[in-house]
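Take a look at the structure below.
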Amino acid sequence: MSGAASSLRSATADLAELRRVFRPVFDKVADGNLEREKGRVFPFEQVRWLVDAGFSTVRVPREFGGHGASLRQTFLLLRDLGAADPNVAHVWRNHLAFVEDRLNAPRSAATDRWLERFKDGEFVGGGWTEANNGTYADIKTKLTPHEDHWLVSGAKYYATGSLYADWLDVLAVNPEGAPTTALVRRDQPGVVLTDDWRGFGQKTTASGSATYDAARVEPENVFPATERFAYQGLFYQTSLLAILAGITQATLRDGVAALKARKRNYGHALAETAAQDPQLLQVIGKLSALAFGAEAALAASAATLDDIADAHRAGDPDAVGRALLAGNVATNQAQLVIISAALEATTLVFDALGSSGVSEDLLLDRHWRNARTLASHNPRVYKERLLGDFHVNDANPALVYKFGAGQSE
């Protein structure tokens, strides 16, 4: 896909200004996080606050009504939102990815209409992963022509963000067996969304089932999956890493607050008060380093996605290929660093707190549960091998995936 006529532009935003704009909304989202987690309350209102504040167009160039952020800036903002509420942050993964796809696509009336929809606050949820143990190599969801439109039928799971969405981004195969994406109106006949996500973390991301029974799709909302933006899989993975980095930051934040609130210390401790105990302060210092490392790895790997987008915009296929390779390596490395940091931090925090730290009033275990759930999406156990094969044998880590650049769940 040539980038010459796409809607991609050089980033024009300033990260400090973006944070100034969105931090008050993130703070509002954070205020009710604990109670929503305790009661499994879905954050419909919080998602809409973000849409109304323009977070849905953060990557859209200013000339099309957005904020003009880079990918690096976008993912650092997603990290900040992940620290406020990782459930809300995860809801945004599919929407931001579809925005990126439309920015990469050649300019057309249909693409311009999508840019208008984004500006109007229309929100996109996901529908790629097949239900019933289906794989990307054996897609059962079908897209068939009918009169002047298409019909989609099938079953999906991990339909993240679907309950909050106006549109669902559904992967199907057309009559020729070609993988195709169809944008389906969520509120139309033939679409049934079920809140049956049973994971012990990320409980309010609407990641359950979606079924489609001859749901209508307009021709301008059907796109060959092979023409999706080249770094789509890296984008999905980096979204997860941003949220994990946010959880690591939230663990530091809540660990500091809990340590300050401790009224007693142990008889064999090194200080009368917990907040003055050097050993406990050492734990907090370690947490701060883990949060710092996670954010640094996220920033470095996300910047490689900007390199891919820049090469695509310039219409240079060779540069795109080189940038994709670098992006795959960097994203895999960042995955190993950030997951390790998140899982260590969310366990280590309890060493600074004693038995009071396991109170259900604090619900600090939510950080580990959410981190462990996100870390399970695209298992890191394979990434060390892929990286070793790259460094020793020059093997391209992207070539193991069914779709280019590594689609994850």
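Computed from the coordinates by the stated procedures, all read-outs in this text should not be read as laboratory data. These numbers were taken from a predicted model, which means no experiment stands behind them. So basically every Cβ, Gly included, is an ideal-geometry build from the backbone, and we count neighbours across all protein chains shown.
Based on C-alpha coordinates, I'd like the Rg and Dmax of the stretch 127-227, in Å.
13.0, 44
Cα extents of the stretch 232-400 along the three principal axes, largest first, in whole Å?
65, 29, 26 Å, listed from the longest principal axis down.
Would you please give the residues with an amide H less than 5 Å from that of A159, counting only those at least 5 places away or on a separate chain, with H modeled from the backbone geometry?
Result for A159 returns G208.
Could you calculate the FRET efficiency of R20 with R253 from 1/(1 + (r/R0)^6), where r is the beta carbon distance between them and R0 is 25 Å, rounded to 0.05?
That gives a FRET efficiency of 0.80.
Shape of the stretch 42-144 from its Cα gyration tensor (a ≥ b ≥ c, root eigenvalues): rounded if a/c is under 1.5, otherwise prolate when a/b > b/c, or oblate?
Here the stretch 42-144 falls in the oblate category.
Could you give the spread of the C-alpha atoms of the chain along their three principal axes, from largest to smallest, in whole angstroms?
Extents along the principal axes, in whole Å: 78, 47, 41.
Compute the signed sum of charges (Lys and Arg +1, Asp and Glu -1) over the other residues within less than 15 Å, Cβ to Cβ, of W49.
Every neighbour counted, the sum reads -2.
Rounded to whole Å, give me the distance from the Cα center of the stretch 249-324 to that of the stretch 335-370.
A separation of 13 Å, based on Cα centres.
Tell me, what ³J(HN,Hα) does each residue in the stretch 171-176 have, in order and in whole Hz, if you take phi through Karplus 6.51 cos²θ - 1.76 cosθ + 1.60 with θ = phi - 60° and put x for Gly and Pro?
So the J values, rounded to whole Hz, are 8, 9, 10, 7, x, 8.
If all Cα-Cα distances of the stretch 329-385 are sorted into 10 Å bins from 0 onward, what percent lands in each bin, rounded to whole numbers?
All Cα pairs, binned at 10 Å, distribute as 22, 45, 23, 10, 0 percent.
Which of V184, V192 has the fewest other C-beta atoms within 10 Å, and how do the rest follow up to the most?
Placing the least packed residue first, the sequence is V192, V184.
Any idea how far apart E218 and E45 come out in nm if each label point goes 7 Å out from Cα toward Cβ?
So the label points at E218 and E45 sit 3.3 nm apart.
Which of V88, V191 has the fewest other C-beta atoms within 10 Å, and how do the rest follow up to the most?
V191, V88
Return K383, K38, K156 ranked ascending by Cβ neighbour count within 10 Å, so the fewest neighbours appear first.
By the 10 Å Cβ count, ascending: K38, K383, K156.
I want to check the label-to-label distance for L34 and V358. Put each point 7 Å from Cα in the C-beta direction and report it in nm to one decimal.
1.9
Got a sec to turn the phi values of the stretch 230-239 into Karplus ³J(HN,Hα) couplings, 6.51 cos²θ - 1.76 cosθ + 1.60 with θ = phi - 60°, whole Hz, x for Gly and Pro?
Here the 3J(HN,Hα) series is 5, 9, 4, x, 5, 5, 4, 5, 5, 4 Hz.
Tell me, in nm to one decimal, what length is gained between N132 and E147 on full extension, where the rule is 0.36 nm per residue of separation less the Cα-Cα distance?
2.4 nm
Percent of alpha carbon pairs in the stretch 283-347 separated by more than 19 Å?
Summing the P(r) tail past 19 Å for the stretch 283-347 gives 41 percent.
Could the peptides 54-62, 285-293 be put in order, highest first, of the mean number of other beta-carbon atoms found within 10 Å of their residues?
Per-residue Cβ counts within 10 Å, averaged per peptide and sorted highest first, yield 54-62, 285-293.
Run lengths n ≥ 4 of DSSP H only: what is the helix-derived mean residue ellipticity at 222 nm for the chain, with -39500 (n - 2.57) per run over all residues, to the nearest 500?
-16000 deg cm²/dmol, from helical runs alone.
To the nearest 0.05, how large is the calculated FRET efficiency for H268 and L336 if R₀ is 35 Å and r is the Cβ-Cβ distance?
0.40
What is the distance, in nm, between label points placed 7 Å from the Cα along the Cα-to-Cβ direction at F200 and at E176?
So the two model labels end up 4.8 nm from each other.
Residues with amide H under 5 Å of A395's amide H, sequence separation 5 or more or different chain, H placed in the peptide plane at 1.01 Å from N; which?
Here the answer is F390, since their amide H atoms fall under 5 Å of that of A395.
Given charges of +1 on the Cβ of Lys and Arg and -1 on the Cβ of Asp and Glu, with all other atoms neutral, how large is the dipole of the chain about its Cα centre, in debye to the nearest 20?
760
Return the lysines within reach of K38: Cα separation strictly under 27 angstrom, same-chain partners fewer than 8 residues apart disregarded; answer none if there are no such residues.
Within the straight-line limit of under 27 Å, K38 reaches these lysines: K28, K203, K260, K263.
So what are the ³J(HN,Hα) numbers for the stretch 82-91, from phi and the Karplus equation (6.51, -1.76, 1.60; θ = phi - 60°), rounded to whole Hz, Gly and Pro as x?
Along the stretch 82-91, the couplings run x, 5, 6, 6, x, 5, 5, 4, 5, 4 Hz.
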